[in-house]
Amino acid sequence: MRGHTAISKMVVGCCLKKPPETIIVFADDKTEKEDAYRYIEKKYLNTGGYVTGLQLANKYGFTTQNPSCYEVCSNEATTKQRKQTVDCNTIIVYKPVTDITKKNKPALQFLDLMSVIDKYSEITGEELVAKLKKYVEAVKVDFSVVKELLPLYPDKVYRNIYEGGLMGELV
């Protein structure tokens, strides 16, 4: 019984709850994640930002990995990179390479994806090319805007576009 008494008095952050019975129940992670995502949408995405990193790669099926934190690129960012915690969820906010507008948002998100696709993608070859083309169509990437923004990114982005079979769209 001693162990139960010690555990019943234990409360760790926002992750453990103790109902009236002496059973420990983990908080509903979905609710916390939904709250964090609503905060991200309101603060960053609705003001001209976009999701980037592993979450973006997962959303479009390039990886099955689930991100441990949210990565967002936003005009609201005041420094190159800032970490913050909302409801036990880590949010990393990046400053964009140029101001995000409605016109360049899909192109910036595409270029961000291409800067990490070699690191996060679990697929290669024809499957990767097909999925990249499907992503480009879904997001409606304007390659004339991509051409303008490409010099703001590292050379590996250009290589990843080439290896992704999207070079024809750039020329």
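Computed from the coordinates by the stated procedures, all read-outs in this text should not be read as laboratory data. Please read these numbers as outputs of a predicted model, since none were measured by experiment. Using ideal geometry, Cβ is built from the backbone for each residue, glycine included, and neighbour counts are taken over all protein chains shown.
Taking 2.2 N^0.38 Å as the expected size of a compact globular protein, what ratio does the Cα radius of gyration of the stretch 95-171 give against it, to two decimals? Please list the in-between numbers first.
On the way: Rg = 11.7 Å, N = 77, 2.2 N^0.38 = 11.5 Å.
Here the Cα radius of gyration is 1.02 times the empirical estimate.
Can you count the Lys pairs in the stretch 85-159 with C-alpha separation below 17 Å, eight or more apart or on different chains?
12
Using DSSP, restrict attention to beta bridges with both residues in the stretch 29-170 and report what percent are antiparallel, rounded to the nearest 5.
60 percent
By the scheme Lys and Arg +1, Asp and Glu -1, what is the net charge of all other residues having a beta-carbon under 14 Å from that of Leu108?
Taking every other residue near Leu108 into account, the sum is +1.
Quick one: 3J(HN,Hα) in Hz for the stretch 82-91, Karplus 6.51/-1.76/1.60 with θ = phi - 60°, rounded, Gly and Pro as x.
For the stretch 82-91, the Karplus curve yields 9, 9, 8, 10, 10, 6, 6, 10, 8, 10 Hz.
So who's got an amide H within less than 5 Å of the one on Ile100, skipping anything under 5 residues away but keeping other chains? H placed 1.01 Å off N, in plane.
Distant-sequence amide H within range of Ile100: Asn75.
Residue by residue through the stretch 117-128, which ³J(HN,Hα) values in whole Hz follow from phi under the Karplus form 6.51 cos²θ - 1.76 cosθ + 1.60 (θ = phi - 60°), with glycine and proline marked x?
Those phi angles translate into 4, 5, 7, 9, 5, 9, 10, 9, x, 4, 5, 5 Hz.
Roughly what would the spin-label model give for Ile123 and Cys88, points 7 Å off Cα along C-beta, in nm?
It works out to 3.3 nm between the two label points.
Can you order the peptides 152-161, 105-114 by their average number of other Cβ atoms within 10 Å per residue, highest first?
Those peptides, ordered most packed to least, come out 105-114, 152-161.
Taking the convex hull of the alpha carbon atoms in the stretch 29-170, what volume per residue do you get, in Å³?
Each residue corresponds to 105 Å³ of Cα convex hull volume.
Please list, in order along the stretch 139-153, the HN-Hα scalar couplings obtained from phi with the Karplus expression 6.51 cos²θ - 1.76 cosθ + 1.60 (θ = phi - 60°), rounded to whole Hz, x for Gly and Pro.
Ordered by residue, 3J(HN,Hα) equals 8, 6, 6, 8, 6, 5, 6, 4, 4, 5, 8, 3, x, 7, 10 Hz.
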